[in-house]
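Written below as structure tokens is the structure these notes are about.
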Amino acid sequence: MKPRIYYWLLLSGETEDDAVRYRTKREAIADYAGAAQELARYGQTIDGCIYVARMRDEIVDYPDFTLSLGPRGGVRCEPC
């Protein structure tokens, strides 16, 4: 049986202890989109990143994906 891999969302300004675990990358992106779009309504931006790991302790210095809000409100998810 393979160990379960999770997607850990970390918003800019947070530490690894604040990372939130998701079962799918789509769920993590949707959560980021909600926060980023809410802030964009007030002229603020926030970046995020996704780490792929089994446990929070396995989060390394470099993320697997970076997240940002595009010019038309969509989420850019770019691999690192």
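Structure above, values below:
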read-out	value
In the range 1-10, the residues that are more than 13 Å from C49 (Cα to Cα) and surrounded by 14 or more Cβ atoms within 10 Å (Cβ to Cβ)	Y6
Criterion: open to solvent by less than 90 Å² (accessible area, probe 1.4 Å), under 18 Å from C80 (Cβ atoms) and of a type outside the set (A, V, I, L, M) - qualifying residue of G48, G34, G43, G13	G48
Residue ID - modelled with the lowest pLDDT, chosen from residues in the range 16-26 that are open to solvent by 90 Å² or more (accessible area, probe 1.4 Å) and part of a helix (DSSP H, G or I)	D17
Failed criterion for P63 (all others in (1) assigned to a loop (DSSP other than H, G, I, E, B); (2) surrounded by fewer than 17 Cβ atoms within 10 Å (Cβ to Cβ); (3) touching a strand residue (DSSP E or B) at 6+ places or on another chain (Cβ under 7 Å) hold)	(2)
In the range 44-60, the residues that are under 13 Å from the mean Cα position of the chain (by Cα) and in a loop (DSSP other than H, G, I, E, B)	I46, D47, I59
Number of the condition not met by I29 [criteria: (1) under 12 Å from the mean Cα position of the chain (by Cα); (2) outside any strand (DSSP E or B); (3) without any contact (Cβ under 8 Å) to a residue 24 or more places away in the chain]	(3)
Lone unmet requirement of (1) farther than 24 Å from P3 by Cβ; (2) at pLDDT below 95; (3) surrounded by 13 or more Cβ atoms within 10 Å (Cβ to Cβ); (4) not acidic (D, E) for R72	(3)
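The values are calculated or read from the model by the stated rules, or taken from the named source; none is laboratory data. Keep in mind it's a predicted model, so treat the numbers as computed, not measured. Every residue, glycine as well, gets a Cβ built from its backbone with ideal geometry; the counts of neighbours run over all protein chains shown. To get the accessible areas, we keep the full protein, side chains included, count just its heavy atoms, and leave off ligands, DNA and RNA. Shrake-Rupley method; radii C 1.70, N 1.55, O 1.52, S 1.80 Å.
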